[in-house]
1. Which members of segment 1-12 meet the condition of being surrounded by fewer than 18 Cβ atoms within 10 Å (Cβ to Cβ) and in contact (Cβ under 8 Å) with a residue 12 or more places away in the chain?
2. Residues being β-branched (Val, Ile, Thr) and free of Cβ contacts under 8 Å to residues at least 24 places away in the same chain: count how many of those fall in segment 29-66.
3. Considering only segment 35-74, state which residues are under 16 Å from residue 10 (Cα atoms) and not hydroxyl-bearing (Ser, Thr, Tyr).
4. In this structure, is residue 63 modelled with pLDDT of 95 or more and in contact with a strand residue (DSSP E or B) (Cβ under 7 Å, 6 or more places away or on another chain)?
5. Quick one: in segment 37-81, which of the residues that are open to solvent by 60 Å² or more (accessible area, probe 1.4 Å) and touching a Gly at 6+ places or on another chain (Cβ under 9 Å) is nearest to residue 25 (Cα to Cα)?
6. Looking only at residues in segment 24-36 that are surrounded by fewer than 16 Cβ atoms within 10 Å (Cβ to Cβ) and not polar (S, T, N, Q), which one is nearest to the chain's Cα centre (by Cα)?
Amino acid sequence: MSHHDTDFTGSVPDAISAAIRARLPDAVVEASGGGGHYRIAVVSTAFEGKGLLDRQRLVLGAIKHLLAGDRAPVHAVDALETRTP
């Protein structure tokens, strides 16, 4: 795991999960990783009828504040899985 400087305090996977659930209240979220690199899996009814890019935009839009800036806690989303229940 690489090192990524950030000013963020707390659990980044928990922050990712909370931000996604705030945008997609029924979502089941699994976030893992560290060093700025994370893997995210999301299951939500909000993805029904949406293509892959629209699903990814929903998730990445929910965590954009965690990706913004030079010292952001999330440097990269190495894997993003989006599914319907």
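1. Pass one, segment 1-12, residues surrounded by fewer than 18 Cβ atoms within 10 Å (Cβ to Cβ): 1-11.
The answer is 1, 2, 3, 4, 5, 6, 7, 8.
2. Step one: of segment 29-66, the residues β-branched (Val, Ile, Thr) are 29, 40, 42-43, 45, 59, 63.
Applying the additional criterion that residues be free of Cβ contacts under 8 Å to residues at least 24 places away in the same chain yields 29.
Number of matching residues: 1.
3. Of everything in segment 35-74, those that are under 16 Å from residue 10 (Cα atoms) and not hydroxyl-bearing (Ser, Thr, Tyr) turn out to be 35, 36, 37, 63, 65, 66, 67, 71, 72, 73, 74.
4. Working: modelled with pLDDT of 95 or more: yes; in contact with a strand residue (DSSP E or B) (Cβ under 7 Å, 6 or more places away or on another chain): no.
It is false that residue 63 is modelled with pLDDT of 95 or more and in contact with a strand residue (DSSP E or B) (Cβ under 7 Å, 6 or more places away or on another chain).
5. For segment 37-81, the residue satisfying everything is 39.
6. Just the residues of segment 24-36 that are surrounded by fewer than 16 Cβ atoms within 10 Å (Cβ to Cβ), to begin with: 25-26, 28, 30, 32, 34-35.
Restricting the remaining residues to those that are not polar (S, T, N, Q) gives 25-26, 28, 30, 34-35.
On the way: 25: 14, 26: 15, 28: 12, 30: 9, 34: 12, 35: 14 Å.
Residue satisfying both the conditions and the ranking: 30.
The values are calculated or read from the model by the stated rules, or taken from the named source; none is laboratory data. Computed from a prediction, not measured in an experiment: that's the story for all the values here. Here Cβ is always computed from backbone atoms with ideal geometry, including for glycine, and neighbour counts include all displayed protein chains. For the accessible areas, the whole protein counts, side chains as well, though only heavy atoms, and no ligand, DNA or RNA atoms are used. Shrake-Rupley method; radii C 1.70, N 1.55, O 1.52, S 1.80 Å.
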